[in-house]
1. Please report Met115, Met227, Met219 as a ranked list, fewest other C-beta atoms within 10 angstrom at the top and most at the bottom.
2. I'd like the per residue volume of the convex hull spanned by the Cα atoms of region 48-139, given in cubic angstrom.
3. Which ordering of Phe176, Phe103 is given by a fewest-first count of other beta-carbon atoms within 10 Å?
4. Given 25 °C and 0.890 mPa s, compute D for region 94-167 with the Stokes-Einstein relation, Rh being the Kirkwood radius over Cα pairs; round to the nearest whole µm²/s.
5. List, in order, the whole-Hz ³J(HN,Hα) value for each residue of region 68-80 obtained from phi through the Karplus relation with A = 6.51, B = -1.76, C = 1.60 and θ = phi - 60°; use x for Gly and Pro.
Amino acid sequence: MAMENSTRAHWLAAFGLGCLFFTVGCQSLPHCPPENPEASKAAPSPNLTNQHVLELSAEGFLYDLRPGHRHRLITNRFELSDYLEATVLGAMARTNKQKLLLFVHGGLNDRKEGMNHFWANYEEILRGEYYPVFVVWPSGWKETYREHLLWVRQGVKAETASDRAFGIVTTPFTLFADIGRSITRLPLVIANNSRSDIETITPIRNREGGAAVRQYQKMRSDGYHVMIADDYSRTGDRAVRALTYWVTLPIKYFGPR
């Protein structure tokens with residue numbers, strides 16, 4: 001009888017302990033990681049972009065990236081000075097960093113790509129000794145070619161009404177010239193690239209070459225132990241290079257630029 005009561009007491013204690021754990025939840029247990037790691041991250045500050053990004057218009061003016069300012073252009077130099085002090089320069093001063101890293105993306109990157117550079121890199125740079133500032137400017141291929149097609153003539157962008165009218169009138173001729181130039185240059189580009197690849201079949205040390213190659217060949221004939229390394233002259237290298245060249249040929253010449 002005593003053994004039965006003892007067993008019952010053990011079961012009641014275990015049940016009570018289980019209820020206690022259920023009641024307090026995970027507070028007394030190690031926390032499991034959330035299913036979505038992004039959910040545990042705090043929302044970025046609404047001022048984060050204006051503290052690290054300088055976005056330019058096609059005319060070179062800065063956009064106001066502060067919340068509530070509707071992405072408007074800043075065209076007054078005094079207002080520009082106040083804006084920089086309130087955003088980038090002020091934020092940098094609060095970090096006590098002394099070094100500025102200016103990131104300017106290359107051509108054929110639109111605003112979305114430019115902002116992607118910022119979101120992908122600013123945290124890593126900020127953990128170091130530099131304060132990162134990303135310059136985002138309109139260099140996507142669509143807007144760049146549109147500007148070339150409509151407004152740029154003889155290397156100068158149209159600003160006056162007469163210049164713009166001239167640009168619009170001559171747009172068909174510019175487009176025709178671009179298409180014609182692309183078609184007529186295609187054989188020459190293919191020939192030059194193909195020649196560059198074919199030349200790698202024979203090692204440079206065995207080919208007729210310039211002064212450096214002739215000097216090397218003379219030194220070899222005179223008994224000097226000199227060597228010019230292979231430049232893609234091994235069979236395996238040539239095979240890989242030839243394969244990748246011909247597979248990517250349509251992309252090189254007919255894909256989007």
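Values quoted throughout were computed directly from the atomic coordinates according to the rules given, and no laboratory measurement underlies them. A quick note: this is a predicted structure, and the numbers were derived from the prediction, not measured. FYI the Cβ positions are ideal-geometry reconstructions off the backbone, even for glycines, and counts take in every protein chain you see.
1. Ascending Cβ contact count within 10 Å gives the list Met227, Met219, Met115.
2. 96
3. Least crowded to most crowded, the residues run Phe176, Phe103.
4. My calculation gives 168 µm²/s for D.
5. Per-residue couplings from phi come out as x, 9, 6, 6, 8, 7, 9, 10, 9, 5, 5, 5, 5 Hz.
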